[in-house]
Each structure stands twice: as C-alpha cells, then as structure tokens.
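Visitor: Have a look at this one.
The values are calculated or read from the model by the stated rules, or taken from the named source; none is laboratory data. Treat the numbers as computed from the prediction; the structure is a model and nothing was measured. A quick note on method: Cβ atoms are made from the backbone with ideal geometry, for glycine too, and the neighbour counts reach across all protein chains shown. Please note that ligands, DNA and RNA were not included when accessible areas were found on the heavy atoms of the full protein model with its side chains. Shrake-Rupley method; radii C 1.70, N 1.55, O 1.52, S 1.80 Å.
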Amino acid sequence: EALKSRVEAIDPDTCDVGDEDAFFVADLGEVYRQHLRWKKNLARVKPHYAVKCNPDTQVLRLLSELGLGFDCASKNEIETVLKLGVDPSRIIYAQPCKTKGYLRYATNAGVKQMTFDNVDELYKTKQIAPDAELYLRILTDDSASLCRLSQKFGASMDSTGELLELAKKLDLNVVGVAFHVGSGASDPKAFIKAVQDARFVFDQAAALGFTMHTLDVGGGFTGDESFEPMAAVLSASLDEYFPPSVRIIGEPGRYFVSTAFTLACHVIARRTVTDATLGTTSYMLYMNDGVYGNFSSIIFDHQHPVPRVLKNGNDVLYETRRSGYDTPSMVEYSIWGPTCDGIDVISSSCTFPEVIDVNDWLYFEDMGAYTKCSATRFNGFTDNHDVVYICSEPGARALLGF
Ligand code: PLP
C-alpha cells in the first residue's frame, strides 16, 4: 500500500527532479517481530545489532528502545549510536584491526568492549586503551556462508595461547572470546565447532589467570526459516559448553533488517531487442537504481534480488504491444542500473506476464541488509534514497511514538 500510494502520486512528466527516484518502504514492525523471534529462540544471547548492516536511524532507535546492544565498526557508527542516548557499555567495538584515531575516540567516549586477534593490536591497545575489555576473536570455519570473513579476521587456534600470554604480560584485561561464522551462514555445525573452540580458549585463559565472563557468538543468522534450526543448535551447544554464569552476546545484522525493507525503482528507459533469426523480441529495462546504488548487495553480498511489478502504466500503446504476444509470460527482460558501466546489471534474464515500459515501477523485497549502506554516488546518482516508514506492530509503534 505504501509503495503504491507513493508511486501513484508521482507523474514523471511533471514532477520535481528527484521525486521519481528509487525509494524504500521500511516496516519497523518486521524488525520488532524479529526481536520477539530472537528472544523466543535464543533467550540466552543478548543481541548487539551490527550497525554496518543498515544504520537506518529509525531501526537503531527501535532496537535501542528494545534494549539491544550495538556492534560498531568505526568512529561514525559509535558516534551515531551514542547520539541516540545509548550508554557506551552497550557498545562493542567489534573490529580487530582498529584505526588509532578511532580507538582514541572510542576510549574517550567510554566504549570499553572491543575485539582483537593479533599481537600488533595488543600493543596498540596497551598504548591507547589500556583499560579496554578485550574479546579474543578466533577463526571459524565459514565455508558455508555467503560472505566469508575468516580469511581476514580471527586468530588461529594455535596462536591463542601466545596472544593470551602477551595480553597477560601487558597487563591487559581479556574478558571473553568472540567469533563470527560468516555472514549469511547456512551450516549450524559451524556454530558447534566455534563454541567448542571458544570453550578451549576460555580454559586456556583461566590457566593463565584471566577470568573470562562473556562469549560473543557474532552474526551470521539469516531471517528466513533456517533461523530456528540454527538457533536450536547454537543454544544446545552453548548450554553444553558454557554454564549460565557466562554471559552470551551476539552481533546479528542481516537477521533484523533484511525482510523489513522493500525497494521501489522507476523504469527510466527501455531498449527493444529483436532477434530476426529466432523471431523473438525481448527488452532491456533501465532503472534508476543499480549495483553502484542499493543493489550493491549483488556484488558485495552475493544477493539475487527478485524483480516484481509495482505499477504497469497501461499507456495507449500497451494493449497493442501486449496483443503481439500469444503468451504474455513469454515476455523476456534484462534489467539494468542507470550508470555507464556494463557491470551494472540487476537481472540478466527474467520474465513478466506484462509488457513493462518506461514510467513503470518495479519493486524488490528483502532489501534491508547491506544495500543502502554500501551505495555509492558513481555517475552522480544519489547514495541516499528516501525511506517511507510504516509500522505493522502496535508494540513497536508505541515505543517509537508513531
Ligand atoms: N559482526 C562482525 C564483526 C561482522 O563483520 C559482521 C558482518 O560482516 C556482523 C557482525 C554482522 O553479520 P550478519 O549480518 O551476518 O549478522
């Protein structure tokens, strides 16, 4: 409804420049439902929302009202969360290789929890944040995830002893272990192995005189139906390896926002492609958003957004064109973004039962994770599309004052 009413109000022939830009509709009720679902399935794990995934202010406000913590990766993210009135103790600076200036900023702002995974970071921490509450991030098997992180971060299990010994020598405060099984994880077994490894490091730390009290199980959870089985496996291994006295936190990102955002895009141009030999006609559709914009998720997050028809113009020529097809479902399209680059393709082949023309609108569901946050301004297009907020849950409406 929100999608439709906005596009109905736009006349591309007369509207102000930019009024026909792509836009999101965000249902904050969906974020709220994901929160309830998390509490039901992973009651032991206190989520620290990974801001990088979608730093939308209303999402952050809602999650803050719901009492979540936050995983921040940079100064800007920490600043954004602190501005909402969140206490620094609810933030973990979950970046094992930090910029010195950012680390100084975080420390001055009172953010103490942070991760590390290498010797050099320990020396840096000693110099700038000697009172930090450190989490040793360990390597995981992330081979069954969409976005692998372990080739970049995580201490191998044969290096954790040496790192803990150095931390002891430097008189640093190591309070726990962190891991991440890869974003968009699909194999629950990765959690079992990671929890077992974390247990090993807890014991190693105890032998060196540390009292670790918190395990950070990272992100990797998807919002689809694989969440419940994944959560069940994780909960069982947490209960097996960690007594209730150990605090468990997580850093979910995608799980909270993926399904909450829908993106509407305007068809700005069309090219008709005829194949004389086969006697077929297909169309190349050009939209006003692409892989350099909110569809950056195609490149960075290995997504395959599914196009759906939001508004089909029914212009004068429409019926004539349509009557040219015996089977409307035969109409074939490729869908492209607005920039000059050939890589800017959203779908190289899809079909609609309708003829889609310039001025029509398409929409794409599940566009909340790793989309807007990694959009660029390449070719001069905007990287900041409007968000129309709705809220399908009274509980969330009350919290947000909607
Ligand atoms: N924590 C860290 C350190 C990350 O690098 C990421 C994603 O890259 C996340 C949490 C969020 O992961 P996800 O969106 O898969 O939950």
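Visitor: Is it fair to say Thr280 is out of contact with any Lys or Arg (no Cβ under 6 Å at 6 or more places or on another chain) and among the β-branched types (Val, Ile, Thr)? Talk me through it step by step, then tell me what you get.
Guide: On the way: out of contact with any Lys or Arg (no Cβ under 6 Å at 6 or more places or on another chain): yes; among the β-branched types (Val, Ile, Thr): yes.
Criteria met by Thr280.
Visitor: Go through the residues of segment 220-232 one by one and say whether even a single one is out of contact with any strand residue (DSSP E or B) (no Cβ under 8 Å at 6 or more places or on another chain), farther than 27 Å from Val51 by Cα and either assigned to a helix (DSSP H, G or I) or modelled with pLDDT of 95 or more (or both).
Guide: No, segment 220-232 contains no residue that is out of contact with any strand residue (DSSP E or B) (no Cβ under 8 Å at 6 or more places or on another chain), farther than 27 Å from Val51 by Cα and either assigned to a helix (DSSP H, G or I) or modelled with pLDDT of 95 or more (or both).
Visitor: I want to confirm something. Restricting to segment 199-219 and keeping residues that are among the β-branched types (Val, Ile, Thr) and under 30 Å from Tyr370 (Cβ atoms), which single residue is surrounded by the fewest Cβ atoms within 10 Å (Cβ to Cβ)?
Guide: Across segment 199-219, the extreme among qualifying residues is Thr214.
Visitor: State the number of residues belonging to segment 146-169 that are among the hydrophobic types (A, V, I, L, M, F, W, C) and within 18 Å of Gln113 (Cβ to Cβ).
Guide: 5
Visitor: Then there's this: Of the residues in segment 220-237, how many are more than 12 Å from the ligand (Cβ to nearest atom) and crowded, with 24+ Cβ neighbours inside 10 Å?
Guide: Of the residues in segment 220-237, 1 are more than 12 Å from the ligand (Cβ to nearest atom) and crowded, with 24+ Cβ neighbours inside 10 Å.
Visitor: Taking segment 131-153, which residues are open to solvent by less than 40 Å² (accessible area, probe 1.4 Å), near the ligand (Cβ under 10 Å from one of its atoms) and under 19 Å from Ile92 (Cβ atoms)?
Guide: Arg137, Phe153
Visitor: Restricting attention to segment 156-175, does a residue exist that is within 13 Å of the ligand (Cβ to nearest atom) and modelled with pLDDT of 95 or more?
Guide: No: zero hits.
Visitor: Condition first: small (Gly, Ala, Ser) and closer than 23 Å to Val7 by Cα. Now tell me which residues in segment 245-304 satisfy that.
Guide: If the condition is that a residue be small (Gly, Ala, Ser) and closer than 23 Å to Val7 by Cα, then Ser258, Ala260, Ala264, Ala269, Gly290, Gly293 are the ones that fit.
Visitor: Look at Gln196 and say whether it is in contact with a helix residue (DSSP H, G or I) (Cβ under 9 Å, 6 or more places away or on another chain), closer than 22 Å to Met114 by Cβ and more than 13 Å from the ligand (Cβ to nearest atom). Steps first, please.
Guide: Details: in contact with a helix residue (DSSP H, G or I) (Cβ under 9 Å, 6 or more places away or on another chain): yes; closer than 22 Å to Met114 by Cβ: no; more than 13 Å from the ligand (Cβ to nearest atom): yes.
The answer is no for Gln196.
Visitor: Could you list all residues from segment 11-30 that are more than 20 Å from Gly223 (Cβ to Cβ) and open to solvent by less than 20 Å² (accessible area, probe 1.4 Å)?
Guide: Applying the first criterion (more than 20 Å from Gly223 (Cβ to Cβ)) to segment 11-30 yields 11-23.
Within segment 11-30, Ala22, Phe23 meet the criteria.
Visitor: While we're looking at this one, here's another question. I'd like the full set of residues that are open to solvent by 40 Å² or more (accessible area, probe 1.4 Å) and within 19 Å of Gln303 (Cα to Cα), limited to segment 346-382.
Guide: Ser348, Ser349, Thr351, Tyr363, Glu365, Asp366, Tyr370, Lys372, Cys373, Thr376
Visitor: If I go through segment 163-176 residue by residue, how many of them are touching a residue at least 40 places away in the same chain (Cβ under 8 Å), open to solvent by 30 Å² or more (accessible area, probe 1.4 Å) and part of a helix (DSSP H, G or I)?
Guide: Within segment 163-176, residues that are touching a residue at least 40 places away in the same chain (Cβ under 8 Å), open to solvent by 30 Å² or more (accessible area, probe 1.4 Å) and part of a helix (DSSP H, G or I) number 2.
Visitor: Quick check, is Ala94 open to solvent by 20 Å² or more (accessible area, probe 1.4 Å) and under 23 Å from the mean Cα position of the chain (by Cα)?
Guide: Working: open to solvent by 20 Å² or more (accessible area, probe 1.4 Å): no; under 23 Å from the mean Cα position of the chain (by Cα): yes.
Answer is no for this residue.
Visitor: Now for a different question. Looking at this structure, is Ala190 small (Gly, Ala, Ser), at pLDDT 95 or above and part of a helix (DSSP H, G or I)?
Guide: Spelling it out, it is not the case that Ala190 is small (Gly, Ala, Ser), at pLDDT 95 or above and part of a helix (DSSP H, G or I).
Visitor: Just one of (1) open to solvent by less than 40 Å² (accessible area, probe 1.4 Å); (2) away from the ligand (no atom under 12 Å from the Cβ) trips up Arg33, so point out which.
Guide: (1)
Visitor: Do we have Tyr102 as open to solvent by 60 Å² or more (accessible area, probe 1.4 Å) and within 16 Å of the ligand (Cβ to nearest atom) here?
Guide: The answer is yes for Tyr102.
Visitor: Let me ask you something else. Of the residues that sit in segment 201-219 and are small (Gly, Ala, Ser) and assigned to a loop (DSSP other than H, G, I, E, B), which one is nearest to the ligand (Cβ to nearest atom)?
Guide: Quick first cut of segment 201-219, residues small (Gly, Ala, Ser) only: 205-207, 209, 218-219.
Add one more test, that the residue is assigned to a loop (DSSP other than H, G, I, E, B), and what stays is 209, 218-219.
Numbers: Gly209: 27, Gly218: 5, Gly219: 2 Å.
Checked segment 201-219; the qualifying residue nearest to the ligand (Cβ to nearest atom) is Gly219.
Visitor: Turning to a different aspect of this structure: Pull up segment 49-91, narrow it to residues that are away from the ligand (no atom under 14 Å from the Cβ) and polar (S, T, N, Q), then point me to the one that is most open to solvent (accessible area, probe 1.4 Å).
Guide: Restricting to residues being away from the ligand (no atom under 14 Å from the Cβ) and polar (S, T, N, Q), the top hit is Asn76.
Visitor: If you go through segment 105-116, how many residues are open to solvent by 20 Å² or more (accessible area, probe 1.4 Å) and either part of a loop (DSSP other than H, G, I, E, B) or within 15 Å of the ligand (Cβ to nearest atom) (or both)?
Guide: Summing the residues that are open to solvent by 20 Å² or more (accessible area, probe 1.4 Å) and either part of a loop (DSSP other than H, G, I, E, B) or within 15 Å of the ligand (Cβ to nearest atom) (or both) in segment 105-116 gives 3.
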